[in-house]
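Have a look at the structure below, then the notes.
Since every read-out is calculated from the coordinates, none of them should be taken as a lab result. In this text the structure is predicted, and so the values were computed from the model without any measurement. Because the Cβ atoms are built from the backbone with ideal geometry, glycine has one as well, and the counts that use them run over all protein chains shown.
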Amino acid sequence: MIKSMSVALEKNRGKDLWATLQKMSLRDKIGQLRQVDGSGGRSDASLLEAIRHGRVGSVINVVDPDLVNELQEIALHESPAGVPLVFARDVIHGFKTIFPIPLGQAATWDTDLAREAAHLAALEAYAVGIRWTFAPMIDVSRDPRWGRIAESFGEDPLLNALFGRAMIDGFQGNDLSAEGSIAACAKHFVGYGDSEAGIDYGSTNVSEFELRNVHLEPFRAAVAAGVASVMSSLSDVDGIPATAHRDLIRGVLRDEWGFAGLVVSDWDSVKQLSVHGITSDDKESAYQAAEARIDVEMTSDTYENHLADLVSSGQIGIEAVDSMAMSVLKFKKNLGLFDRPYTPKNYKSGISEAEIKDCARRQASESFILLKNSDSVLPLNQKKLSSICLVGPMADQDREQLGTWVFDGDPARSETPLKAFQDLLQPDCEVLFEKGLATTRSSCAELADFAVEKAQHADAVVAIIGEEAILSGEAHCRANIDLPGEQVELIRRLKATGKTIIVVILSGRPLTIGDLLPHADAVLFALHPGTMTGPAICDLLFGHKAPSGKLPFTLPKSVGQVPIYYSKKNGGRPATHDSIMSIDDIPAGAEQTSFGMTAFHLDDGFEPLFPFGFGLSYTEFTYSDLHILSNELSRGGELHVSVCVRNTGLQDAFEVVQLYTRDRVGSVTRPVKELKAFNRVLVRSGEAQTMRFSLSREDLSFYRRCREYGVEAGEFDLWVGGSSQADLHVTFEIDA
Ligand code: BGC
């Protein structure tokens, strides 16, 4: 039972936090810096003891509200300082109801919806006592082999920055202390998405300019958005593990950007400093992490075991411990924990499960990217179908469609494609179903035989294939990013029946699907879309909505092209269509030559399978009248641009209008294109919309050779269109 407010809490309540801190012993302060894993629950006697003695400041992985309150009770009433605990959990893309994985959310290019989804996830998590999530992950990710690309918003710094901001706003709301708000955490600071060979926990070797202009940008935006916490990365950045990176954490994050929130390590990443080989023991690891100002050590115990000694020996000043503990106290105060430490019993957010599922369905349906639609086979005409055959190892997998990082996701809430087809179409249309393969990794000719046999009796065949959830996410990287198992062979056999074959891919990462394309009449690509995958697929296949998703990454032809991204540098010998050759064009015994040669692969050219920003619709959009309305950039004002987008097809549809620029000459080489703005807009059939964009000097500034941010005078290109291969073009200038 929850007692009335404790004496200690009364003392802390509303008072100056410095006064609270002054009364705390060194051990109490160090306790605040320790986050423990609470998954052992009540039976973990050492957890309860540690809380009782003030040796714990936060707990990760407790999701039972009664236990949350029991532990809180011990912290408030029995620990020496009576400071409330804060409970943390990875709420990455939903809590019980699962939204698309972050990479899928980025494919919507709809940041408002991402904000709404994060807010609803926060409400579900708040109900069980969670006040701190470790999201958003805003690591710019350009390697689809990396399993955690699933958790990112893709390859572009602006997409990561804007989606990161939307999620932060959604989780934290306007008032972090309000009921239903939880603290966000921008992670992993920094460069984690650039680990060598796309292997999780690998090293990151990235130049200062690339670090500043690409990887740090989303974090700068997150700090500006008021993110409550930042997590250090598990990886090393140019030889210095991020968790000990004083220059980045104290230098850039704290001093340069003025971040006043809390910095947490990643799981065991302080202890792992010695595994990296940058320290020789735990004591030195504690020293280096504290020197870098990691406020909270997640799960390992080097602070607990060594910080007091480091203070008494004078290696770490007490003011350092005070500043770290103060970060924790402020964090808790901002969350309102000193005033309302307990989780309300039977908390009701006022939002029903149906409303949350509705948002999950909208976001899922916006996330599908239409890559192919030969002869406009899609949308299917529901009224003309008397039977449809659903095939594939992902067609009825309530768990797999949720994707990675869904510890609390409830598969029982999932609406699978099979269920959605049956609900929508029966009894007017017969829904046949055959898996074809037991899992996405299987090879079983017998099951495929059954599927081919059934397909022959249907008017249309829809194959739902892809990757199981466990093939992406943390520590789940792949060297080969083809569709696993014999899925392509299954589709080839289905196509041989002569039926119309619609393929829906549910994946955790970009896949190399060039060998699949010829065997499919239509291809819809999605990144594990979550609880409402089935209804979202029906919305699109039967034309209740037109697909509007756009690739938040470049889809490579082969894994050998990786890393391939649209905003590359030009180099001195950029590839063009007439400067490349194929491996087959080289005669046997040819002499070495590089005259006239450019930057490409002999066996894959220089272009991807599909470019960043690409996605078809059921309608056609034409772009025209791209104008610069006014250019005040030289006077510190803005550049105003307008463009006309016309829907020349028959269906009302959303289009993601994208604006790219190129800075032709810079003091350091500049990307050939950079996304600067976008807008998702509804254009009705036969109508046109005039879209307006404004760019400021800040939008065009970058980290320059002089080691300062700024815009450099000169000529710029500007394109607007429906993908990164937009060809409507104008130029503009900025004077010195
Ligand atoms: C991951 C973090 C995560 C943490 C807590 C680590 O292994 O790298 O992203 O927040 O675990 O679950």
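For segment 425-453, list residues with backbone N below 14 Å from a point placed 7 Å from the Cα of Arg399 toward its Cβ?
Under 14 Å, as judged by backbone N against the label point of Arg399, lie 439-440 of segment 425-453.
When Lys and Arg each count +1 and Asp and Glu each count -1, what net charge do the other residues less than 11 Å away from Ser696, Cβ to Cβ, add up to?
So the environment of Ser696 carries a net charge of -2.
Could you work out how much longer the chain between Glu733 and Lys345 gets when fully extended? Use 0.36 nm per residue separation minus the Cα distance between them, nm to one decimal.
Going from the current span to full extension adds 133.6 nm.
Evaluate the relative contact order of the chain (contact order divided by residue number), counting alpha-carbon pairs under 8 angstrom at least 6 apart; express in whole percent.
12
Could you put Ser235, Ser414, Ser349 in order, starting from the residue whose Cβ has the fewest other Cβ atoms within 10 Å?
Ser349, Ser414, Ser235
Give me, ordered by chain and number, the residues 5 or more places off Ile60 or on other chains with an amide H under 5 Å from its own placed amide H.
Val36, Asp37, Gly38, Ala88
Sequence neighbours fewer than 8 away in the same chain don't count; with that in mind, list the lysines whose C-alpha is under 17 Å from Lys569.
Those lysines meeting the cut-off are Lys673, Lys676.
When a/c is below 1.5 the answer is rounded, else prolate if a/b is larger than b/c, else oblate, so apply that to segment 621-734 with a ≥ b ≥ c taken from the square roots of the Cα gyration tensor eigenvalues.
Taking the square roots of the gyration eigenvalues as a ≥ b ≥ c, segment 621-734 is prolate.
As I understand it, the dipole of segment 621-734 uses +1 on the Cβ of Lys and Arg and -1 on the Cβ of Asp and Glu, about the Cα centre. Which of Leu633, Thr669, Phe693 lies farthest toward its positive end?
Farthest along the dipole direction, towards plus: Thr669.
Could you give the length gained on full extension between Ser701 and Asp358, defined as 0.36 nm per residue of separation minus the Cα-Cα distance, in nm?
Length difference between fully extended and current span is 119.5 nm.
Let me know the shape class of segment 384-541, please: from the alpha-carbon gyration tensor, a ≥ b ≥ c as square roots of the eigenvalues, rounded when a/c is under 1.5, otherwise prolate if a/b is greater than b/c, or oblate.
Oblate is the answer for segment 384-541, as a/c is 1.5 or above yet b/c matches or exceeds a/b.
Using a cut-off of 15 Å between beta-carbons, work out the net charge of the residues near Val391 (Lys and Arg +1, Asp and Glu -1, Val391 not included).
Result for the neighbourhood of Val391: -4.
Would you please put 45-57, 652-664 in order of how densely packed they are, using the mean number of other Cβ atoms within 10 angstrom per residue and starting with the highest?
Top to bottom by mean Cβ count within 10 Å: 652-664, 45-57.
Order the peptides 350-360, 637-647 from the highest to the lowest mean number of other Cβ atoms within 10 Å of their residues.
637-647, 350-360
Mind scanning Lys29/Lys345; Lys23/Lys271; Lys372/Lys550; Lys454/Lys495; Lys384/Lys545 and naming the pairs with a C-alpha gap bigger than 21 Å?
Correct reply: Lys29/Lys345; Lys23/Lys271.
Report, ordered by chain and residue number, the lysines lying within cross-link reach of Lys357, taken as a straight Cα distance under 16 Å and ignoring same-chain residues fewer than 8 apart.
Lys96, Lys419
For the ranges 63-70, 101-108, 366-373, 594-601, what's the packing order if you count other beta-carbon atoms within 10 Å of each residue, average per peptide, and put the highest first?
Put in order of decreasing packing, that is 101-108, 366-373, 63-70, 594-601.
Over segment 202-327, what is the mean sequence separation of C-alpha contacts under 8 Å (at least six apart), divided by residue count, expressed as relative contact order in percent?
23
So if I take the centroid of the Cα atoms in segment 483-556 and the same for segment 343-404, what is the distance between those two points in Å?
13
Relative contact order for segment 192-274 using alpha-carbon pairs under 8 Å, separation at least 6, rounded to a whole percent?
After rounding, I find 30 percent.
Evaluate E = 1/(1 + (r/R0)^6) for Ser46 and Asn205, where r is the Cβ-Cβ distance and R0 equals 45 Å; express this FRET efficiency to the nearest 0.05.
0.65
Taking the Cα centre of each part, how many Å lie between segment 675-736 and segment 573-587?
Measuring centre to centre over Cα atoms gives 31 Å.
Label segment 14-334 by shape, choosing from rounded, prolate and oblate, from the square roots a ≥ b ≥ c of the eigenvalues of the Cα gyration tensor; if a/c is under 1.5 it is rounded, and otherwise prolate applies when a/b is larger than b/c, oblate when it is not.
It is oblate, given that a/c is not under 1.5 and a/b is not larger than b/c.
Near Gly41, within a Cβ-to-Cβ distance under 13 Å, what is the net charge of the other residues, with Lys and Arg +1 and Asp and Glu -1?
Local net charge: -4.
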